[in-house]
Structures are given as structure tokens and as C-alpha cells.
Amino acid sequence: MLLIHNGLVITCNEEDDVIEAGAVLMAGDEIKEVGSSEDLLERYPEAERIDAEKNIVMPGLINAHMHLYSTFARGMDLKTDQPPKNFLEILEKLWWRLDNTLSEPEDIYYSALAAILEGIKRGTTTIFDHHASFGLIEGSLDIIKQAVEEAGIRASLCFEASDRQGKDLTQESLEENVRFIEELEAEENNYLSGLFGLHASFTLEDDTLAHIGDILSDLEVPCHLHVAEGRADVRDSKKRGYKNIVERLDKYGIWQPGTLAVHGVHLTEEEYELLAARDCHLVHNPQSNMSNAVGAADLPKARDKGLGIVLGTDGYTTDMFASLQVASILSAHQAGDPRVGGEIAQKMLFSANPELASKTFAKKLGSLEEGAGADVIIVDYQGPTPITEDNYYGHILMGLTGDKVITTIAQGEVLLKNREVKVLDDEKFTAKCKQQARKFWRKF
Ligand SMILES: [Zn+2]
């Protein structure tokens, strides 16, 4: 058993309990008890201890949309004298070229593990990844799976199927999803899950969507795809004779319950409504939207239509605290109303993401309570003002950052302790990762 004691425990449970001088007891991959330090120390003298030194103890964070494959883009020369001037050019000059260049198993492995490790250092214990590597499709999800297992987090994986590289590779990308989902089903673990990945409506032909629809009616798994991130996606569906994107994809049965509809920047109220009726989630990625200058989804409108909204990073950052902060201020800024944003952002990260993850991994996550998954972080923060059940969110929003995370535990295993990575030799790994990145950059 593992006992974190002497912490200010923010449980994020239904009662929003905050426990001063609190403790969390874990047994195996589950939380066994949450309570006062004094009591748990006395009753469980044999448990291995971690002293939180009065810092914040809270649930591990959940990232609802990530691209682990994007790691090597950091600092990379695009080798063009015409930098991309709009979203489509960003895809063509950066991301589609990058994922085409991911052609060695090591490219995928180091990209994934580096981003996972950075996430662990910033308190992320669950990731919904959306993978692309058209340079190496078959088996690519197994390589990421290996990285996930070595790091010890939970992850939902998929390959973004697309027609953008020709029909042969479309077929391969569909098969990679099916293969991975079916193989996982046989494994029955509570830390890995497979979704059916699609890139976006505008890079998928009607016949491919029909084929995917057939596959989905057999598999019955949710999808994970970009929707209306840029205006080009909207124009494409109209050009093909559809009323809008959501209607087009609905025709082919893509909106399976639980599907992650990422971005939704240019969706109409009617489309939000249909996504809500299909029990899908809208995934908001504020920094990515701002960086690509595509606009941002109208979250209050989506919420009012009954659509669940979760929070991701789209590979822009591995820091969910940063994503939370930007989500909050972007919504207020966009609405021209300082009242908008706070509650929506809080709900995304601390209610909707945990609900999504709990359902995906068949384990209560995002809450420190008996029976929940033992995914816990300690954050170096004591705060200049009192922290209570009524105001703890204000402290998280204004005072916490990923770089303040000291210790990260997932499934009861200590992945990071006192800022030191415990699952592998971080220095060695980083050196090898840089070496692989250099090699990759030469190919790009
Ligand atoms: Zn994305």
C-alpha cells in the first residue's frame, strides 16, 4: 500500500471535499481510502509513505485530445521560405509532411514517449491520442502502446484514417484501427482503449466514409476525429452537396455514441444539436485554435444545445493546467463577457474529462475517492490565501502550472517522484530522443 500524507487534498469528488492535513491511501491500482493524515497514518503504519509537505494532492489530469506524434515538430526547420499563411497550409507544409516522414518505428516510439513523459512531469495521467504516421502505418499503434506501457499512464489510441495519401494508404489506415481495437478487446485491461480514428471530413471521400460506417456498425466503438477546425472543412461538405459536415458524417453513421468531435469551430447551432443528440463530445483545444488562427467553438452555445464539452491540447502543449487557463480566458475574451469561461473551463477539465475517461477505461477517474483509479499528483503549491471547498478552483486556475507538479502516480505506480522520472533513465532517454529527432529532421 502507498500512503500520501500531510497534503492539502483536493478530492474533486461529488461533494468537492477539500481536506487539510489530508491523506490518500492506495492499494494496487485503486484508491482505498481518503481522509485525515493522522487517522490514516495511525491505521496503516505498514504502508509505504510519501510526505506531501503541505502541498496540494489532487487527481491526475486527463487530456482529451493529443497528438503524441507531433513531438519532433518542436524547433524543426520547415525548409520553406514561404511560411504557412493559413490553416490548410499549416497542414500541408508541416503536419502532413511530418506524419509522412514518420517512417521508422523509432520515430514513433521516441515522439510518443517523449510527449508522455513531459505530460507525466506536468501531472497528466490519461491521454486520448490521435495518431498519424503515413510513413509507417501498420503496427504504429502497437509502438505507441509500448510507450504508454513503459511510462505507466492510461491512453486511448487511434490512427487518423484519411484519403489524403491515396487509396492504398487509406485502406491500411482503416485496417490499423480495426486490428488494434480487436486485439485490445482480447486483452481486457483498464489502461488502454482504442477508438476509431478519422482525420477530418474534408480528407475522406464518400465511399471511404461508407466503408467506415460498415466497419463501425460491426465494431460499435466511438470515433475520434477533427470537425470544422478550419473553414475548408465546411466548404468541402457543401461542395459535395451536403447541408453541412455533421449531416454528411451522420449519413454514414460516423457519430457513434461517445465520439470525440474535435474543435467544432465552424459548426452551426443545428450541428451542435445533432452531435448532442448522438451523444458525442465536443473537444476544445484553445491554444491550438488560437495558434492556427482558426477561431474557436462557441462553447456557451454548444453547452446550451446539450453537448458535452471536454478539454484537450491538440499537441500544442502537454500541460493541462495551461490548457485550462487559456480555455477560461479565451471564452471570456470571445464572448466579451468576463462571466463566461470560468465555469465552462472548470467543468471541462474536472467533470467532463473525468466522466469521459471513467467511461473509456471502466474505472472511476479524476476523483480521489474509495474505489477510484490510483491516479494522483502532488503539486508544489500552498497559496498566499486560504484554500477551501468554495475557492479551490480559483487557486488551481490562477496558481497552478504543470511545472509545479512534483510527484505523479498512475495506477498506483509512482511515475515521477520529487520531479525525478522513476520509470526510466530520463537523461539517457532524452539523449537518444534528440539523436532520433536529428535523424528525422534530415529526412523531413
Ligand atoms: Zn488534433
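Couple of notes before you dig in:
- Gly75 being under 26 Å from the mean Cα position of the chain (by Cα), loosely packed, with under 14 Cβ neighbours inside 10 Å and not assigned by TED's automatic domain parsing to the domain that holds Pro384: yes
- Filter result for Val246 (within 26 Å of the chain's Cα centre (by Cα), farther than 29 Å from Arg179 by Cβ and at pLDDT 95 or above): no
- Of the residues making up segment 302-329, those that are part of a helix (DSSP H, G or I), within 26 Å of Val246 (Cα to Cα) and more than 16 Å from the ligand (Cβ to nearest atom) are Ala302, Arg303, Asp304.
- Taking segment 228-248 as the range and being out of contact with any helix residue (DSSP H, G or I) (no Cβ under 6 Å at 6 or more places or on another chain) and either within 16 Å of the ligand (Cβ to nearest atom) or not assigned by TED's automatic domain parsing to the domain that holds Asp214 (or both) as the test, only Glu229 passes.
- Of the candidates Glu369, Glu427, Glu389, the single residue that is more than 18 Å from the chain's Cα centre (by Cα), surrounded by fewer than 20 Cβ atoms within 10 Å (Cβ to Cβ) and part of a helix (DSSP H, G or I) is Glu427.
- Within segment 52-67, being within 16 Å of the ligand (Cβ to nearest atom) and not in a strand (DSSP E or B) holds for one residue alone: His67.
- Evaluation of Pro286 against the conditions (1) more than 18 Å from the chain's Cα centre (by Cα); (2) of a type outside the set (Phe, Trp, Tyr); (3) buried (at least 20 other Cβ atoms within 10 Å of the Cβ) shows that the sole unmet condition is (1).
- On inspection, Ile254 qualifies as in contact with a Gly (Cβ under 8 Å, 6 or more places away or on another chain) and at pLDDT 95 or above.
- The condition of being within 30 Å of Phe72 (Cα to Cα) and of a type in the set (A, V, I, L, M) holds for only one of Ile378, Ile344, that being Ile378.
- Cβ-Cβ under 6 Å pairs, at least 6 apart or on other chains, segment 259-272 side closer than 13 Å to Ile309 by Cα and free of Cβ contacts under 8 Å to residues at least 60 places away in the same chain, far side acidic (Asp, Glu) and within 12 Å of the ligand (Cβ to nearest atom): His263/Glu229; Val265/Glu229
- The set of residues from segment 398-424 being in a helix (DSSP H, G or I) and surrounded by 19 or more Cβ atoms within 10 Å (Cβ to Cβ) comprises just one member, Gly402.
- Close pairs (7 angstrom Cβ cut-off, 6 or more residues apart or separate chains): not assigned by TED's automatic domain parsing to the domain that holds Asp99 in segment 423-444, of a type in the set (Lys, Arg) and assigned to a helix (DSSP H, G or I) anywhere: Phe444/Arg97
- Within the set Pro105, Pro83, Pro45, the sole residue that is out of contact with any strand residue (DSSP E or B) (no Cβ under 8 Å at 6 or more places or on another chain), of a type outside the set (Asp, Glu), outside the structural domain of Ile143 (by TED's automatic domain parsing) and surrounded by fewer than 22 Cβ atoms within 10 Å (Cβ to Cβ) turns out to be Pro45.
- Given (1) surrounded by 18 or more Cβ atoms within 10 Å (Cβ to Cβ); (2) at pLDDT below 95; (3) small (Gly, Ala, Ser), index of the condition Gly315 fails: (2)
The values are calculated or read from the model by the stated rules, or taken from the named source; none is laboratory data. These numbers come from a predicted model, not from an experiment. Every residue, glycine among them, receives a Cβ derived from its backbone with ideal geometry; neighbour counts consider all protein chains shown.
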